[in-house]
Amino acid sequence: MSGEIRLLLFAGALLTLIYFAHYIRKGRMQIDYAIYWILFSSALVLLSLFPGIATWFAKMLKIKSPANLVYLIIIFSMIVKLFTTTLKISKLNQQISELTQHIALYESNQEEQQRKEHFPE
């Protein structure tokens, strides 16, 4: 890996770490959601400082280029993140539906009680 690419990777990963830390401090992002991105950025910082890691793993896995290994890992990790995010969104949609149903039942009961108060039988 050339020095310019390593420097660019290091700067980009470090800026990403700072960006997420800033959002966590301001309370705009919960830590459990940011952990993935912090780990991802930390891994990129590690690879930029020690590119031999990617070369060693590529040789061990018989992948011709360390860049191919890095791309493979990035794509795989993004797919995993997409899947976990989809699970969270599905759970939130289910909770929203249940909450909407509870609110509708509560409002219906309130209207019925008000009707009984105004027009007793």
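The values are calculated or read from the model by the stated rules, or taken from the named source; none is laboratory data. Everything numeric in this text was worked out from a predicted model, so none of it was measured. Neighbour counts are summed over all protein chains in view; Cβ atoms, including those assigned to glycine, are modelled from backbone coordinates with ideal geometry.
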Between ALA21, ALA13, ALA58, which is part of a helix (DSSP H, G or I), surrounded by 15 or more Cβ atoms within 10 Å (Cβ to Cβ) and within 20 Å of the chain's Cα centre (by Cα)?
ALA13
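Would you call GLY27 surrounded by fewer than 16 Cβ atoms within 10 Å (Cβ to Cβ) and modelled with pLDDT under 85?
Numbers: surrounded by fewer than 16 Cβ atoms within 10 Å (Cβ to Cβ): yes; modelled with pLDDT under 85: yes.
Yes.
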The condition of being at pLDDT 90 or above and not in a helix (DSSP H, G or I) holds, among ILE96, ILE89, ILE63, ILE75, only for ILE63
Checking LEU44 against (1) surrounded by 14 or more Cβ atoms within 10 Å (Cβ to Cβ); (2) modelled with pLDDT under 85; (3) more than 19 Å from SER2 (Cβ to Cβ), only one condition comes out false. Which one?
(3)
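Residue by residue through the stretch 16-67, note down the ones that are hydroxyl-bearing (Ser, Thr, Tyr) and in contact (Cβ under 8 Å) with a residue 40 or more places away in the chain.
Quick first cut of the stretch 16-67, residues hydroxyl-bearing (Ser, Thr, Tyr) only: 16, 19, 23, 33, 36, 41-42, 48, 55, 65.
Listed by number, the residues that qualify are TYR36, SER48.
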If you scan the stretch 30-41, which residues turn out to be in a helix (DSSP H, G or I) and loosely packed, with under 14 Cβ neighbours inside 10 Å?
ILE31, ASP32, TYR33, ILE35, LEU39
